[in-house]
1. In square angstrom, what is the accessible area per residue of region 22-160 with a 1.4 angstrom probe?
2. Work out the P(r) tail for region 42-104: percent of alpha carbon pairs separated by more than 13 Å, whole number.
3. Roughly how many percent of the accessible protein surface of the chain is carbon and sulfur, given a 1.4 Å probe and a whole-percent answer?
4. Three principal axis extents, largest first, for the C-alpha atoms of region 1-135, in Å?
5. Just from its helices, what would the mean residue ellipticity at 222 nm be for the chain, if runs of 4 or more DSSP H residues each count -39500 (n - 2.57) and the sum is divided by every residue, rounded to the nearest 500 deg cm²/dmol?
6. Restrict the search to region 1-64; then list the trypsin sites (Lys or Arg not before Pro) that DSSP places in a loop and that have at most 13 other Cβ atoms within 10 Å of their Cβ.
7. Stick to Cα atoms and the Kirkwood definition of Rh, then tell me Rg/Rh for region 4-45.
8. Give the peptides 68-74, 49-55 in descending order of average Cβ contacts within 10 Å, highest first.
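The values are calculated or read from the model by the stated rules, or taken from the named source; none is laboratory data. Because the structure is a prediction, the values reported are computed rather than measured. Cβ sites come from the backbone with ideal geometry, for glycine too, and all protein chains shown count toward neighbours. Heavy atoms of the whole protein, side chains included, go into the accessibility calculation; ligands, DNA and RNA do not. Shrake-Rupley method; radii C 1.70, N 1.55, O 1.52, S 1.80 Å.
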Amino acid sequence: MSENLPRPIKGGYLLLEVIGKGGMGVVYKGVHTVLEREVAIKVLHPNLTSDPVVEKRFLREARSIGRIKNKHVVEVLNFGKTEEDALYIVMEYIDGDILSQILRENKFLKPQRAIHIIGQICEALSAAHEQGVVHRDLKPANVMLLQNREHPDFVKLLDFGVAKI
């Protein structure tokens with residue numbers, strides 16, 4: 001899929017900008033054109049779509065996240081194929097800071113802050129385990145922290161791409 005944006009895809013979504021890249025695909029900031037809701041859309045690299053193992057893994061990621069109902073796990077909103085037959089997952093858009101970047105900038109966190117963050121990660125993992133989902137790729141790069149007055153360092157756990165059900 002070309003990165004010449006904006007670009008519509010099936011399901012009423014418009015890709016706005018690239019916000020992440022990985023081995024399996026590209027994550028875009030997008031918008032649902034009717035609901036005007038910002039979303040994150042992970043699109044599998046087109047050259048991987050023909051690989052049934054990769055396609056099964058991508059579908060497993062969507063299903064595994066979709067099973068978990070917890071405020072600290074990114075929410076899956078939709079799943080489909082682009083007109084070029086590339087698979088995509090639509091998730092809630094999260095505007096926050098990646099924990100790995102915070103750790104690069106600060107080296108150490110105050111104990112109370114670390115405990116607060118780890119407690120929320122444990123809550124997310126507990127909810128996943130209750131649904132029979134094991135994340136298998138827990139690392140600071142897969143933890144997003146949102147900042148607001150009511151909930152500073154509010155955790156969202158991301159990337160269940162290698163999860164096991």
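1. 56
2. I get 67 percent for the Cα pairs in region 42-104 exceeding 13 Å.
3. 53
4. 49, 32, 30
5. -8500 deg cm²/dmol
6. Here the sparse-neighbourhood loop sites are Lys10.
7. With Rh from the inverse mean 1/r over Cα pairs, Rg/Rh is 0.96.
8. 68-74, 49-55
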